[in-house]
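Trainee: Below you'll find the structure I mean.
The values are calculated or read from the model by the stated rules, or taken from the named source; none is laboratory data. Quantities reported herein were computed from a predicted structural model and do not represent experimental measurements. Note: ideal-geometry Cβ built from the backbone for every residue, glycine included; neighbour counts use all protein chains shown. All accessible areas refer to the heavy atoms of the entire protein, side chains included, with ligands and DNA or RNA removed. Shrake-Rupley method; radii C 1.70, N 1.55, O 1.52, S 1.80 Å.
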Amino acid sequence: MLVILKRDDQEISRQAAQLIASAVRKNPALTLGLATGGTMIGVYRHLVALHKQGSLDFSRVVTFNLDEYLGLPAEHPRSFHHFMQENLFAHVNVDPRNIHIPDGTIRGNYDQYCASYEEAIRKAGGIDVQLLGIGRNGHIGFNEPTSSIGSRTRLKVLSQETLDDNSKFFAPGEESPEESPRCAITMGIGTILETRKILLLATGAGKSAAVANSIEGPVTSAVSASALQLHPDVTFIIDDAAASQLTQRDYYLRVLEMTALLTPDRLS
Ligand code: GLP
């Protein structure tokens with residue numbers, strides 16, 4: 001795993017956007033796995049800016065989002081569909097037919113729907129670059145602690161920690177309690193592990209335990225992101241606060257120096 005240490009959110013966003021932009025320039029028909037959450041907002045802002053400058057074309061890019069809340073229609077202001085429109089899709093030339101986000105409004109045969117999402121990923125040739133955030137409890141997508149490392153796209157019950165973290169987005173009075181989602185449709189850890197390249201972004205001290213457990217802890221379903229240790233091409237892009245519980249920081253800095261010298265493509 002490559003650990004890129006950055007000062008702050010700004011630098012992280014710029015670095016991640018740069019890596020995505022070069023991947024799209026190398027392969028204009030790239031299949032891109034996308035994530036939501038506050039950490040992604042800066043990345044999407046940079047990608048939009050590159051597009052507006054005329055240096056990034058999304059016309060052939062295919063996208064698959066990790067997850068969506070169960071029960072929220074696309075137009076709901078807290079849905080991940082809405083997040084993606086607001087922060088990226090409405091501002092770039094991605095073909096709407098190439099956008100895939102799990103449907104939060106499905107009812108009944110969840111297994112069949114989730115299998116069709118997996119099938120769509122397969123038909124697209126698999127995901128080339130997957131963007132990930134991380135939850136305070138180490139979740140990726142909505143793969144909550146104890147998710148199977150082999151899990152596929154499925155219905156997932158959200159943990160109390162995630163419900164608490166997300167309650168800030170569902171302010172009292174704005175939505176009725178029954179509208180606050182308790183479940184989600186999420187790509188599985190097995191699905192994520194099949195993507196070709198992974199970029200995981202984390203900022204802030206609140207993520208430092210999850211980051212340290214994922215990079216330096218044992219591979220365990222108790223910390224979903226620790227499963228990324230099994231993947232051959234993962235880059236963590238984290239700020240000083242999120243890196244604060246890592247014990248091998250100096251080593252990661254030396255690796256970064258050598259990477260810049262020997263395989264600079266991994267950084268730009
Ligand atoms: C949600 C998403 C995750 C994301 C996480 C972190 O739980 N399902 O994919 O990583 O939020 O969000 P934030 O970046 O706001 O901390």
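Trainee: Kindly list the number of the only condition in (1) open to solvent by 50 Å² or more (accessible area, probe 1.4 Å); (2) out of contact with any Cys (no Cβ under 8 Å at 6 or more places or on another chain) that fails for ARG152.
Mentor: Status for ARG152: all satisfied but (2).
Trainee: A further question follows. Which number in (1) within 13 Å of the ligand (Cβ to nearest atom); (2) surrounded by fewer than 17 Cβ atoms within 10 Å (Cβ to Cβ); (3) within 21 Å of LEU201 (Cβ to Cβ) marks the one condition that PHE142 misses?
Mentor: That leaves (2) as the condition not met.
Trainee: So in segment 214-224, with the set limited to residues that are buried (at least 19 other Cβ atoms within 10 Å of the Cβ) and in contact with a helix residue (DSSP H, G or I) (Cβ under 7 Å, 6 or more places away or on another chain), which one is farthest from THR146 (Cα to Cα)?
Mentor: Taking the candidates together, the pick is SER214.
Trainee: Got a sec? Which of ARG45, ARG60, ARG78 is of a type in the set (D, E, K, R), in contact (Cβ under 8 Å) with a residue 60 or more places away in the chain and away from the ligand (no atom under 11 Å from the Cβ)?
Mentor: After applying the criteria, what remains is ARG78.
Trainee: Quick one: which of VAL3, VAL48, VAL24 is closer than 22 Å to GLU68 by Cβ and aliphatic (A, V, I, L, M)?
Mentor: VAL48
Trainee: With the requirement that a residue be under 20 Å from the mean Cα position of the chain (by Cα) and over 21 Å from ILE20 (Cα atoms), what does segment 241-268 give you?
Mentor: ALA241, ALA242, ALA243
Trainee: Right, here's the next one. Test each condition in (1) hydrophobic (A, V, I, L, M, F, W, C); (2) touching a Lys or Arg at 6+ places or on another chain (Cβ under 7 Å); (3) open to solvent by 10 Å² or more (accessible area, probe 1.4 Å); (4) more than 25 Å from ALA124 (Cβ to Cβ) for LEU2 and report the one that comes out false.
Mentor: (3)
Trainee: Tell me yes or no: at least one residue of segment 108-126 is in a helix (DSSP H, G or I), open to solvent by less than 40 Å² (accessible area, probe 1.4 Å) and more than 25 Å from HIS231 (Cα to Cα). Before you say what the answer is, go through the steps one by one.
Mentor: Going residue by residue through segment 108-126, those that are in a helix (DSSP H, G or I) are 110-123.
Filter once more, so that each one left must be open to solvent by less than 40 Å² (accessible area, probe 1.4 Å): 114, 117-118, 120-121.
Filter again for more than 25 Å from HIS231 (Cα to Cα), leaving none.
No, because not a single residue in segment 108-126 is in a helix (DSSP H, G or I), open to solvent by less than 40 Å² (accessible area, probe 1.4 Å) and more than 25 Å from HIS231 (Cα to Cα).
Trainee: Does any residue of segment 225-233 turn out to be touching a Lys or Arg at 6+ places or on another chain (Cβ under 9 Å), within 17 Å of ARG136 (Cβ to Cβ), among the acidic types (Asp, Glu) and open to solvent by 10 Å² or more (accessible area, probe 1.4 Å)?
Mentor: no
Trainee: Now for a different question. Any residue in segment 108-124 that is β-branched (Val, Ile, Thr) and in contact with a Leu (Cβ under 6 Å, 6 or more places away or on another chain)?
Mentor: Filtering segment 108-124 down to residues β-branched (Val, Ile, Thr) leaves 121.
Restricting the remaining residues to those that are in contact with a Leu (Cβ under 6 Å, 6 or more places away or on another chain) gives none.
No, the conditions are met nowhere in segment 108-124.
Trainee: Evaluate the following for ASN87: is it more than 16 Å from the chain's Cα centre (by Cα) and open to solvent by 30 Å² or more (accessible area, probe 1.4 Å)?
Mentor: So ASN87 does not fit the description; no.
Trainee: So if I check each of THR31, THR36, which one is crowded, with 17+ Cβ neighbours inside 10 Å, within 23 Å of LEU267 (Cβ to Cβ) and touching a residue at least 60 places away in the same chain (Cβ under 8 Å)?
Mentor: Checking each option against the conditions leaves just THR31.
Trainee: Now for a different question. Considering segment 39-50 alone, what residues qualify as being in contact with a His (Cβ under 6 Å, 6 or more places away or on another chain) and crowded, with 24+ Cβ neighbours inside 10 Å?
Mentor: Scanning segment 39-50 gives no hits.
Trainee: Away from the ligand (no atom under 16 Å from the Cβ) and crowded, with 19+ Cβ neighbours inside 10 Å: which single residue out of LEU262, LEU246, LEU201 fits that description? Outline the logic, then answer.
Mentor: Details: LEU262 fails: crowded, with 19+ Cβ neighbours inside 10 Å; LEU201 fails: away from the ligand (no atom under 16 Å from the Cβ).
The match here is LEU246.
Trainee: Out of contact with any helix residue (DSSP H, G or I) (no Cβ under 9 Å at 6 or more places or on another chain) and open to solvent by less than 50 Å² (accessible area, probe 1.4 Å), is that true of ALA17?
Mentor: Answer is no for this residue.
Trainee: Here's another thing I want to ask about it. Output yes when any residue across segment 109-124 is at negative phi and in contact with a Gly (Cβ under 7 Å, 6 or more places away or on another chain), and no when none is.
Mentor: So far as segment 109-124 goes, no, none of its residues is at negative phi and in contact with a Gly (Cβ under 7 Å, 6 or more places away or on another chain).
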